Amino acid sequence: MLEAIADEMLMRVVATQAAVYRAREQLEQVLRLEWESPAGRAFRDRAAELAAKVGDLDTRLESARGEIWSARADLAELESAILSTMGTLGPIMTPGGLPRGLLGGY
């Protein structure tokens, strides 16, 4: 179940990265334009600020992606450890009784 949650988070991060990539492309197109009016230049400057923030977001998303992959590896290791201990289940219970060996020779 935890791996499914990690997979869902990973899919959301990847989808967000795709949207960020499209936004960066569009902002780069705006930054390549030459503006003659003060309003146009102000728009370009604001687009540059936004492009920097989008770039920072992309870096953070990539970091989150790495963290999720690391968490998935930890989950797989934990699952392996749990499954390896499942072979030694502990005392066997008889229906309605005490665990075997609890009272000595029983």
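Among the residues of the range 1-22, those identified as of a type in the set (A, V, I, L, M, F, W, C) and either under 16 Å from Glu62 (Cα atoms) or surrounded by 15 or more Cβ atoms within 10 Å (Cβ to Cβ) (or both) are Ala6, Met9, Leu10, Met11, Val13, Val14, Ala15, Ala18, Ala19, Val20. Only one of the numbered conditions (1) within 20 Å of Ala4 (Cα to Cα); (2) among the hydrophobic types (A, V, I, L, M, F, W, C); (3) touching a helix residue (DSSP H, G or I) at 6+ places or on another chain (Cβ under 7 Å) is violated by Leu83, and that is (3). Filtering the range 67-87 down to residues that are more than 18 Å from the chain's Cα centre (by Cα) and either among the charged types (D, E, K, R) or not in a helix (DSSP H, G or I) (or both), which residue is surrounded by the most Cβ atoms within 10 Å (Cβ to Cβ)? Here the answer is Glu79. Answer yes or no: is there a residue in the range 49-57 that is at pLDDT 95 or above and more than 26 Å from the chain's Cα centre (by Cα). Yes, the range 49-57 contains a residue that is at pLDDT 95 or above and more than 26 Å from the chain's Cα centre (by Cα). If you go through the range 65-78, how many residues are of a type outside the set (Lys, Arg) and touching a helix residue (DSSP H, G or I) at 6+ places or on another chain (Cβ under 8 Å)? Residues flagged as of a type outside the set (Lys, Arg) and touching a helix residue (DSSP H, G or I) at 6+ places or on another chain (Cβ under 8 Å) within the range 65-78 amount to 5. Scanning the range 14-63 for residues that are of a type in the set (Ser, Thr, Tyr) and either touching a residue at least 40 places away in the same chain (Cβ under 8 Å) or not in a helix (DSSP H, G or I) (or both) yields Thr16, Ser37.
The values are calculated or read from the model by the stated rules, or taken from the named source; none is laboratory data. Keep in mind that this is a model prediction, so the values were computed, not measured. Using ideal geometry, Cβ is built from the backbone for each residue, glycine included, and neighbour counts are taken over all protein chains shown.
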